[in-house]
Amino acid sequence: MMKPCNPTPEHLHTIFMRKDISLEEKEVIIRQALIDFPQFELGVLDDLYMILEQQEKYEECLEICDKLIQLNTDAEEIAENYFHKGIIYQYMDNNDDAYPCYEKSIEINPSVDNIFSMAEMFYEDEDWVHALKLYEMFAHDDTDKDINLEKLFSCAHASSMLNNKEKAIDYYKEYLTIRPNDIAVLHELAIVYSEQNKWEEAKKLFKKCTEVDTTDEKLFYNLGICYNKIGDHLMEMHCYIEAIKIKPDFAEAYKNMGRVAILEEGDAKQAIEYLEKAIEITKEDDPLLFELYFTLLAINKHITNFERTEYYQEKLMSLFGYDVSKEEDDEEEDLN
């Protein structure tokens, strides 16, 4: 182990950067420097904070931050100390104590960059409440177009995650006034509309998405679901066909085509063909498989194809342990 030395303050940074000295040894050296050079206390404390942070000694980091806040006279430095204190609380999974530190930092230094960096950290933690509070402090600041777009998107997404769909819609709409053909945002807004059962609005946006991007099968699939909800099954089927052109092994699209064929067109033969194709391309561990077998059982039972009905009964039993006959017995008991 290297013997600790007593460096001058000018040499501290050099020692701080050296890789042949462990973090523990650096901590010993810097703590000694605090004693030897009290006149340089602020700078040495900054170095000590960084060493303690790297060692994940978070409680001690908080103590250093408090001491720096007391000793500093420069407003920007004090704001930065509160900022670092907030970071440490976040490292400790304590966002409730982190947020007041960031608020204090913003109060002292209300710069956009300062607020934005704090909001991003809460956003990354999926702490939507605190992230949204910070983003909304400057959500409509248009000094930088790209940054403003990012803020509006973040506000919209955080609002949606907090189940405030109307606020999310407003932010997405504001974003689209600046960049009207942004597929990701059009898609996000369409999803929010669908979550509110606003199918006409969702349909218009998904349709616009498919006009801008003709290579994403999910856009056509989602558009098909919108047409289903508003009762236009001809267009619904067309959307699923377009989705399958892009992704031939799109089992969910085949499943929905089978549903349209049997329920809306009364074409059991075509429905069975679509559903069996879906089974052919569905992996064995996919939960969709049970739904496909069960639907095929119901259709074959409805058209009195007893041979295929028995086949699908056996499949449900062998693959999923699902005993159809037992369920039928239970239903008879309920009727009595």
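The numbers here are math on the coordinates, done by the rules we state, and not lab data. Just so it is clear, the model here is predicted, and its values are computed rather than measured. A quick note on method: Cβ atoms are made from the backbone with ideal geometry, for glycine too, and the neighbour counts reach across all protein chains shown.
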Choice from Ala75, Ala261, Ala119 with maximal GNM fluctuation in the chain (Cα, 10 Å cutoff)
Ala75
Going by the alpha-carbon gyration tensor, a ≥ b ≥ c the square roots of its eigenvalues, is the range 222-301 rounded (a/c under 1.5) or, if a/c is not under 1.5, prolate (a/b greater than b/c) versus oblate?
oblate
Normalising by the residue count of the range 24-135, find the relative contact order in percent from Cα pairs under 8 Å and 6+ residues apart.
16
With Cα coordinates, the longest principal axis of the chain makes an angle with the long axis of helix 58-71, in degrees rounded to 10, of 50
If you line up the long axis of helix 288-302 against the longest principal axis of the chain, both from Cα atoms, how many degrees apart are they, to the nearest 10?
20
Candidates Met237, Met118, Met50; GNM for the chain (alpha-carbon contacts under 10 Å) flags as most fluctuating Met50
Value of relative contact order over the chain, rounded to a whole percent, pairs C-alpha under 8 Å and six or more apart
6
Suppose R0 equals 25 Å; then what is the FRET efficiency for Leu263 and Lys173 from their Cβ-Cβ distance, rounded to the nearest 0.05?
0.10
Build a GNM of the chain with springs between Cα atoms under 10 Å: which of Ile169, Ile262, Ile225 gets the top mean-square fluctuation?
Ile262
Can you give the FRET efficiency for Glu310 and Lys283, using 1/(1 + (r/R0)^6), R0 = 22 Å, r = Cβ-Cβ distance, to the nearest 0.05?
0.30
Loop GluC sites (Glu not before Pro), the range 101-175, which have at most 11 other Cβ atoms in a 10 Å radius of their Cβ (DSSP):
Glu126
Give me the number: length gained by fully extending Phe37 to Glu107, i.e. 0.36 nm times residue separation minus the C-alpha to C-alpha distance, one decimal in nm.
21.9 nm
For an R0 of 22 angstrom, estimate the FRET efficiency from the Cβ-Cβ distance between Glu200 and Leu162 and round to the nearest 0.05.
0.30
On a C-alpha basis, how far is the centre of the range 263-323 from the centre of the range 65-98 in Å? Whole number, if you could?
61
By how many degrees, 0 to 90 and rounded to 10, does the Cα axis of helix 324-335 deviate from the longest principal axis of the chain?
80
Counting each DSSP H run of 4 or more residues in the chain as -39500 (n - 2.57), what helix-only mean residue ellipticity at 222 nm follows after dividing by all residues, to the nearest 500 deg cm²/dmol?
-24500 deg cm²/dmol
Centre separation in Å (Cα based) which lies between the range 101-160 and the range 19-35
37
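Which of rounded, prolate, oblate describes the range 82-172, given a ≥ b ≥ c as roots of the alpha-carbon gyration tensor eigenvalues and a/c under 1.5 marking rounded, otherwise prolate only if a/b is larger than b/c?
On the way: a/c = 2.36, a/b = 1.34, b/c = 1.76.
Taking the square roots of the gyration eigenvalues as a ≥ b ≥ c, the range 82-172 is oblate.
Quick one: dipole size for the range 248-295, taken about the Cα centre, charges +1 on Lys/Arg Cβ and -1 on Asp/Glu Cβ, in debye to the nearest 20. Walk me through the numbers on the way to the answer.
Details: 5 positive and 12 negative charges, 22 e Å.
Dipole magnitude for the range 248-295 comes out near 100 debye.
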What percent do you get for the relative contact order of the range 67-224 when only Cα pairs under 8 Å and 6+ apart count?
11
